[in-house]
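The structure appears below as structure tokens.
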Amino acid sequence: WTHLMQKDKQIYVWSDVHMRHANILQYDNRPFKTLAEHDRHMMRMIECLPDNCTLLDLGDFSMGGKTAVLENFTNYINLLYRKNINLIYCFGNHCNHLKKYLEDAGIQANWVTTKGVKFVDTYYFKYKDRNFVASHHPYEIWPGCDEGSIHLHGHTHKEMATSEKTLRFCMSANVIGYRPMLLDDVIALADKKIAQYGDEAIVKRH
């Protein structure tokens, strides 16, 4: 597991923003009148993040075709640069245009830019003595699940039924209030499950 800074930098996480996705308002019943209003809100949520923090994005930031995806992601990156926010981005199932663009530019998964952007498929990290496994797709069994590691995912746009008692959390924007969630708040939720369910919160591997 990679150690993320614990003292000076706050860490936030979200997933499945789905900018320019024509059907996302209906699909998730998102509370916005228009897609343009939805997209403006998402960018404002980035502007509200504290400078110098780390943002963990679990994929599917944008849809709408190749041009729209690259334009949206460029605006995203530029805003993060202005706020000196580090980005760790896990590729989602709708990230084909982005992934192809990066590959054509000679940027592969697990490549780190000089400006603090890391693209990965799955990210393993340690924060405040807790192990995390972050990815776009959810795992039923994930590394360290039998030792209390916390799994963060997107894709499902809802908590899975089998997540009720486990340390697995859906970070899709529509699940967490359409704004990045502070990782410390995720830890608090995990501790609440552990207090409530005890050993049942730990997924056992056989």
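The values are calculated or read from the model by the stated rules, or taken from the named source; none is laboratory data. Since we're looking at a predicted model, the values are computed, not measured. Just the protein is used for accessible areas: all its heavy atoms, side chains included, with ligands, DNA and RNA removed. Shrake-Rupley method; radii C 1.70, N 1.55, O 1.52, S 1.80 Å.
Here is how the numbers come out for the structure above:
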| item | result |
| --- | --- |
| Within straight-line cross-link reach of residue 100, lysines at Cα separation under 17 Å, skipping those fewer than 8 residues along the same chain | 66, 118 |
| Accessible area, probe 1.4 Å, largest first, for residues 11, 194 | 194, 11 |
| Per-residue [θ]222 nm for the chain (sum of -39500 (n - 2.57) over DSSP H runs n ≥ 4, rounded to 500) | -9000 deg cm²/dmol |
| The chain: proportion of alpha-carbon pairs further apart than 31 angstrom, % | 17 |
| Reachable lysines from residue 165, criterion Cα separation under 26 angstrom, eight or more residues apart if same chain | 126, 128, 192, 193, 204 |
| Å² of accessible area per residue within the chain, as computed with a 1.4 Å probe and no ligands counted | 49 |
| The chain - percent of accessible surface contributed by carbon and sulfur, probe 1.4 Å | 50 |
| With Cα atoms, 0 to 90° folded angle of helix 183-197 axis to the chain main axis | 30 |
| For segment 125-193 versus segment 12-71, the gap between their alpha-carbon centres in whole angstrom | 19 |
| The chain, relative contact order [Cα under 8 Å, separation at least 6], % | 24 |
| C-alpha long axis of helix 66-82 to longest principal axis of the chain, angle in ° | 70 |
| Listed residues 197, 89 arranged by accessible area, highest first, probe 1.4 Å | 197, 89 |
